[in-house]
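Throughout, read-outs are computed from the coordinates displayed, never taken from laboratory work. None of these values were measured; they are calculated from a predicted model. Here Cβ is always computed from backbone atoms with ideal geometry, including for glycine, and neighbour counts include all displayed protein chains.
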Amino acid sequence: MSDTLYRAASHAVVIGGSMAGMLAAAALADLVGSVELIDAHELPDGPEPRTGVPQAVHIHMLQTGGIEAIEELLPGSTDLLLAAGAHRIPVTTNMIVYSPEGWYRRWTRATHSLITASRDLTDSIIRRQILKHPRISARPHTKAVGLLGNSNHITGVRVRSADGTETLLRADLVIDASGRASRTPQWLTDLGIASPAEDRIDSGLVYASRFYRAPVPTRNWPVVAVQADPSLPRPANAGGILPVEGDRWHVSVMGAPGGQPTSQSEDFEPFARSLRHPIIADLVKAAEPLSDVKVTHSTVNRRLYYERLSPWPDGLVVLGDSAATFNPLYGQGMSVAAQGALALREVLSRGLNAGFARRAQRAIGRRIDTAWTLAVGTDIHFPTTTGQRPGLMDRMLRRYVSRLSHAATGSFKAATSLTDVLALQASPLSLVAPGSLLTAITGPLRSPLDRPQLTANERLLLESLEEAPLWVMR
């Protein structure tokens, strides 16, 4: 079959209807004849919880790199999210962050943006656009149970419906975006292909989260974060508050073994008060709880190196959580999935021909690299972490990044160097470029802050509360 005919006749199947699967379908829709999206669960019509996304109860954000990738795949998505109540947060202008090196300044010059919203809302905005595309069809309540084809070429997927009926779905391209429970390693083994190399780095952090009715207007309200300090002689803990739709705060706290949060409502505020600063506890004390506390232990960094397998069968691509999962502490998962889907589209635009799948897998792997380096490069320094311990070079790099972070508390240039990487807009290697090295050596250009930096309006709002926090007082 010629390449031209192969492209014209192509049909793709996407396994998984979460963020990665929807964006993969968007990447394919205008480049193949038709896309069929299958999911083991129901696909809700609106911003409702979807079975199979347990991490949805915890805080989520889209980094700049993810926002731009989604806009490339689905133009207008940002406007739709904002119209539905999501918040655009200028970095670092609207962020109150207590790092291990001190309070970051809120520079008036924003370099990047975050989008904050509940995961249910974000999913629903993306899903609604995908499912109205004329070339995309959805098959809910359908589970993928095996691949069709052989070690050289995947030709489809075997699926099972809710009543137990099995069907063979033929396809020129199969995308596994089924998430953490992906069966692809076993399916490859069944086809005589070796399982991919795997890394698992687990800090042991446990997450507890709940929604609150904010005591102040949330429009233009900042993100609040107290970061973990691996150097402290106690179990690491951290926390964050994100403004989300409906004048709500989504609040998550995290703790390592020996100091983990519980699912008991009465424990939530006291745990937040055990963080390195009481800002989160004081804010939630003034807010109205709207939900129970939800807990998850699934914070492991796990990467499957599909891009290293040789041979790799034509017709199969793996992306999203199926390829790599990250400690949600760093807010990278959705953005990496979006960048992976965009990489898939860029490779597919050059033709669905021999070797396409291998090229696409390598391109997706490159998009994973930055987020993986960031997450693992931090988590290995927690004493509770299993799977990898820091070596001499890791410790030296940690000291250098800490010095750069210290400079960022009073240097816009240092802060920009860090946020470029955190926003998934630059490689971690940029942190050791000559300009960044000089900035780290020079250090902060302004004296350190001894308390959270508030705007005049934020200070007035907080002072008006029945019990204004002590750190707010002038």
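Listing for the model above:
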quantity	calculated
Unit charges on C-beta of K, R, D, E only; dipole of the stretch 206-296, Debye	140 debye
Net charge, GLY102 excluded, C-beta distance under 13 Å - Lys, Arg +1, Asp, Glu -1	+2
Of all DSSP beta bridges in the chain, antiparallel share, percent nearest 5	70 percent
Qualifying chymotrypsin sites (Phe, Trp or Tyr not before Pro) for the stretch 302-386 [loop in DSSP, other Cβ within 10 Å: at most 16]	TYR305
Cβ-based net charge around THR78, under 12 Å, with every Lys or Arg adding one and every Asp or Glu removing one	-3
Cα-based convex hull, the stretch 206-296, per residue volume (Å³, whole number)	83 Å³
Whole-Hz couplings from phi, Karplus 6.51/-1.76/1.60, listed for the stretch 334-349; x for Gly and Pro	5, 5, 5, 4, 5, 5, x, 5, 5, 4, 4, 5, 4, 6, 5, 4
Percent RCO, i.e. relative contact order, over the chain, from Cα pairs under 8 Å lying at least 6 residues apart	19 percent
Residues LEU392, LEU43 arranged by fewest to most Cβ contacts within 10 Å	LEU392, LEU43
Charge dipole magnitude, Cβ of K and R +1, D and E -1 - the chain, Cα centre, debye nearest 20	1020 debye
Alpha carbon Rg of the stretch 161-224, scaled by the compact-globule rule 2.2 N^0.38 Å	2.01
Relative exposure of ASP314, ASP176, judged by other C-beta atoms within 10 Å (fewest first)	ASP314, ASP176
Candidate lysines for bridging to LYS285, where Cα separation is under 27 Å - those fewer than 8 sequence places away on the same chain excluded	LYS294
Structure-derived semi-axes √(5λ) of the Cα gyration tensor in Å - corresponding label in (1) 40, 31, 23; (2) 37, 26, 22; (3) 39, 25, 21	(3)
For the chain, with +1 on Lys and Arg beta carbons and -1 on Asp and Glu, the positive-most of TRP187, GLY102, ALA354 along the dipole	GLY102
Amide H contacts of THR142 (H built 1.01 Å from N, under 5 Å, at least 5 apart or other chain)	ASP39, ALA40, HIS41
The stretch 206-296, relative contact order in percent, only Cα pairs under 8 angstrom and at least six apart counted	40 percent
Backbone HN-Hα couplings from phi across the stretch 424-430 [Karplus 6.51/-1.76/1.60, Hz, Gly and Pro as x]	6, 10, 8, 6, x, 4, 5
Long-range amide H partners of ASN94 with built H, under 5 Å	none
Positive minus negative residues near ARG213 (Lys, Arg vs Asp, Glu; Cβ under 9 Å)	-1
Hz values of 3J(HN,Hα) by residue in the stretch 386-391 - Karplus curve (6.51, -1.76, 1.60), Gly and Pro given as x	10, x, 6, 10, x, x
